[in-house]
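K.L.:
One structure follows; several queries about it will come next.
The values are calculated or read from the model by the stated rules, or taken from the named source; none is laboratory data. Note that the coordinates shown come from a computational prediction; the quantities given were computed from them, not determined experimentally. Heads up, the Cβs are rebuilt from the backbone with ideal geometry, glycines too, and the neighbour counts pull from every protein chain shown.
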Amino acid sequence: MKFLKRFLVFLLVIVVALVVVLFSFLNTIEYQVTDADLPSDVYETSGDLLAFAKLKAVSLVLAGNEDRYTIMEEFINLIILDSIRENINPDYDPLATDCSDTSCDYIMYDEYYFIEYAYAELNDDNQLVITISAGANKYVSTETALIMVFDIEFDIVPNMQVVLTLDTYYLGEKQLSQNLLDQIFDRVGRQSIEDSITFGDLNLTDYTYTISIQDAMS
């Protein structure tokens with residue numbers, strides 16, 4: 001009986017320790033995104049989002065150096081929203097005031113998890129920061145975000161293209177290794193994500209995204 005009691009106490013200590021570790025980790029990656037972070041001008045765009053994005057890409061040819069970064073931010077946000085609506089959730093419109101259904105508010109919603117927002121913005125170093133917010137809502141309630149920071153290379157002459165290359169990434173505010181990112185995309189499915197992008201060449205092995213201006217002109 002004494003042995004059994006000690007064994008049960010030992011198991012209890014292990015369980016408590018695991019719970020403490022879990023919640024400590026969740027606290028380090030907790031990150032909240034709101035509607036106010038979204039590019040409202042993109043969500044208010046009416047008509048063919050892909051066609052509008054292609055016009056943005058073509059305009060890079062004549063744009064000045066500083067303007068090119070702003071154009072890229074707008075272009076990526078248009079492609080993100082177009083890809084979501086075309087290949088994941090056609091009803092997605094979190095800024096809509098006349099829809100309160102989960103199909104409008106979430107990119108994906110399940111009883112165990114949800115993906116709520118995805119958008120791009122420039123940082124002070126003219127890198128493109130893509131934020132994808134997600135969370136759990138069943139046994140543990142938490143919100144975090146996958147934040148990927150990309151360098152932008154404008155190769156307008158002679159190749160008429162723009163290449164984004166992953167520099168760093170974070171889960172919440174915690175910087176993590178690329179090995180973990182590889183594991184995430186291995187589980188989710190690299191090919192399915194690459195195929196869901198409606199324009200450009202997304203490579204989740206090299207973590208690059210290439211935009212052909214010539215293709216945008218066609």
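K.L.:
Give me the residue from segment 172-203 that is assigned to a helix (DSSP H, G or I) and acidic (Asp, Glu) and, out of that set, surrounded by the fewest Cβ atoms within 10 Å (Cβ to Cβ).
P.N.:
The qualifying residue surrounded by the fewest Cβ atoms within 10 Å (Cβ to Cβ) is ASP186.
K.L.:
Can you give me the number of residues within segment 174-208 that are in contact with a helix residue (DSSP H, G or I) (Cβ under 8 Å, 6 or more places away or on another chain), of a type outside the set (Gly, Ala, Ser) and either closer than 18 Å to LEU146 by Cβ or at pLDDT below 85 (or both)?
P.N.:
So the answer is 9.
K.L.:
Please identify the pairs in which a residue from segment 49-63 that is on the phi < 0 side of the Ramachandran plot and aromatic (Phe, Trp, Tyr) has its Cβ atom under 9 Å from the Cβ atom of a residue that is in a loop (DSSP other than H, G, I, E, B) and modelled with pLDDT under 95, counting only partners at least 6 apart or on another chain.
P.N.:
Final answer for the pair search is PHE52/THR45.
K.L.:
Against the conditions (1) at pLDDT 90 or above; (2) of a type outside the set (Val, Ile, Thr); (3) out of contact with any Leu (no Cβ under 8 Å at 6 or more places or on another chain), where does PHE114 fall short? Just the number, please.
P.N.:
All conditions are met except number (1).
K.L.:
Only residues in segment 186-214 that are over 24 Å from LEU62 (Cα atoms) and assigned by TED's automatic domain parsing to the domain that holds LEU49 count as the first member; pair them with residues that are among the aliphatic types (A, V, I, L, M) and in a loop (DSSP other than H, G, I, E, B), Cβ under 9 angstrom, at least 6 apart or cross-chain, and list the lot.
P.N.:
Correct list of pairs: ARG190/LEU204; GLN191/LEU204; ILE193/LEU204; GLU194/LEU204; SER196/ILE88.
K.L.:
Determine if segment 155-163 includes at least one residue that is surrounded by 14 or more Cβ atoms within 10 Å (Cβ to Cβ), assigned to a strand (DSSP E or B) and touching a Ser or Thr at 6+ places or on another chain (Cβ under 6 Å).
P.N.:
yes
K.L.:
Right, next: Of the residues THR131, THR168, which single one is of a type in the set (Ser, Thr, Tyr), modelled with pLDDT of 85 or more and buried (at least 18 other Cβ atoms within 10 Å of the Cβ)?
P.N.:
Step by step, each of THR131, THR168 is checked, and only THR131 is of a type in the set (Ser, Thr, Tyr), modelled with pLDDT of 85 or more and buried (at least 18 other Cβ atoms within 10 Å of the Cβ).
K.L.:
While we're on this one: With respect to ILE88, is the statement that it is touching a residue at least 40 places away in the same chain (Cβ under 8 Å), of a type in the set (A, V, I, L, M, F, W, C) and more than 23 Å from ASN123 (Cβ to Cβ) true?
P.N.:
Yes, satisfied.
K.L.:
Something else now. Got a sec? Which of ASP167, ASP206 is within 26 Å of ARG68 (Cβ to Cβ), outside any strand (DSSP E or B) and among the acidic types (Asp, Glu)?
P.N.:
ASP206
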